[in-house]
Amino acid sequence: MLETKRREAGLSFKRFVWPKILPELTPEQQTISDDFYRYWHELIPNKYRAIEQFNHSYPMRMLPDKPMPRTLEIGAGTGGHIAHEDLSNQSYFCVELRPHLAEKIMERFPQVQAVVGDCQRNIPFDDNYFDRVLATHVLEHLTNLPAALDQIHRVLAPGGLISVVMPCDPGLAYGFARKISSERLFRKRYGQSYDWFIHREHINSPDEILTLLRERFTPVHSEYWPLRVPVVNVNLCIGVTLRKAADR
């Protein structure tokens, strides 16, 4: 599988070691990476509806028990998840690394406040400010995951919830699904190896992410999709919700 190929090629990251250093891209690779990111996120909602339904429905089932909570979404990207949220019953904020995407989010959703920032360095809000934090297919990409989770812990209010959706990568089912979907599309579109691209994407495993989350927060709920059994190799995604202790 892909993880074995990565190790054989000397590309695999050491687990539970941060920060993780990404290999530099050539100008051509950067252009391809930007284009495929756009293309893939335009394709997902219509072509892969089942997995998208889980990605976006899971966080919405885990809401704080209080009126008009403050929600923070980490790495909102093109605003794909925001479209599924009920913005009338909460105050919704985003932290997005790329300024042009933050601007597009506010154009598309005027009631959302999107700020530009790197969640691994500083989330530009006061301590204990939010009642709910969302990270949908984000944490697996972060080169300094512990620092990002420390920032999330800082801005999440005591008793607040963090909901995370992540891919089961590396995993047997996920590896097969990717080979017949994104990898096939990438090779057809650009006529070159997919390995250099995906090596930079999912750099944190589910085990790493879940371990660091549980060190900082108390688990409340988890759900594996689509088979429900809590085994990474036979599923495609995991949704987890945790709570910040009331006395922290």
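The values are calculated or read from the model by the stated rules, or taken from the named source; none is laboratory data. This one's a predicted model, so the numbers in the text were calculated from it and none came from an experiment. For neighbour counting, all protein chains shown are included, and Cβ atoms are generated from backbone atoms with ideal geometry for every residue, glycine included. To get the accessible areas, we keep the full protein, side chains included, count just its heavy atoms, and leave off ligands, DNA and RNA. Shrake-Rupley method; radii C 1.70, N 1.55, O 1.52, S 1.80 Å.
See the values below:
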read-out	value
Heavy-atom SASA rank of E103, E73 (probe 1.4 Å, accessible area, largest first)	E103, E73
Residues whose placed amide H lies under 5 Å from that of H221, excluding near-sequence neighbours	T241
Difference of contour (0.36 nm per residue) and Cα-Cα distance, F176 to Q113	18.9 nm
From the coordinates shown, Cα Rg over 2.2 N^0.38 Å corresponds to which of (1) 1.32; (2) 0.99; (3) 0.93	(2)
Residue among L97, L212, L43 with the largest mean-square fluctuation in a Gaussian network model of the chain, springs linking Cα atoms under 10 Å	L43
S33-R121 pseudo-label distance in nm [points 7 Å out on the Cα-to-Cβ vector]	1.7
For the chain, built as a Gaussian network whose Cα springs stay under 10 Å, the top-fluctuating residue of A135, A177, A102	A177
In sequence order, calculated HN-Hα J values of the stretch 153-167 (Karplus, 6.51, -1.76, 1.60; Hz; x Gly/Pro)	4, 5, 8, 7, 5, x, x, x, 10, 10, 10, 10, 10, 9, x
Residue-by-residue Karplus 3J(HN,Hα) for the stretch 79-94, coefficients 6.51, -1.76, 1.60, Hz, glycine and proline x	x, x, 6, 4, 4, 9, 8, 8, 7, 7, 10, 7, 9, 10, 10, 9
Helical contribution to [θ] at 222 nm, DSSP H n ≥ 4, -39,500 (n - 2.57), averaged over the chain, rounded to 500	-11500 deg cm²/dmol
Mean separation of Cα contacts under 8 Å (6+ apart) over length of the stretch 115-248, as relative contact order %	31
Length-normalised contact order for the stretch 1-148 - Cα pairs under 8 Å, 6+ apart - percent	24
Under-5 Å amide H pairs with E73, H placed in peptide plane, nonlocal only	F93, C94, V95, L134
Karplus-derived HN-Hα couplings along the stretch 170-182 (A = 6.51, B = -1.76, C = 1.60, θ = phi - 60°), whole Hz, x at Gly and Pro	x, x, 5, 5, 5, x, 5, 4, 5, 4, 9, 10, 5
Set of lysines near K14 by C-alpha distance (under 24 Å), chain-local residues within fewer than 8 positions excluded	K5, K179
DSSP beta bridges in the chain [antiparallel fraction, %, rounded to 5]	45
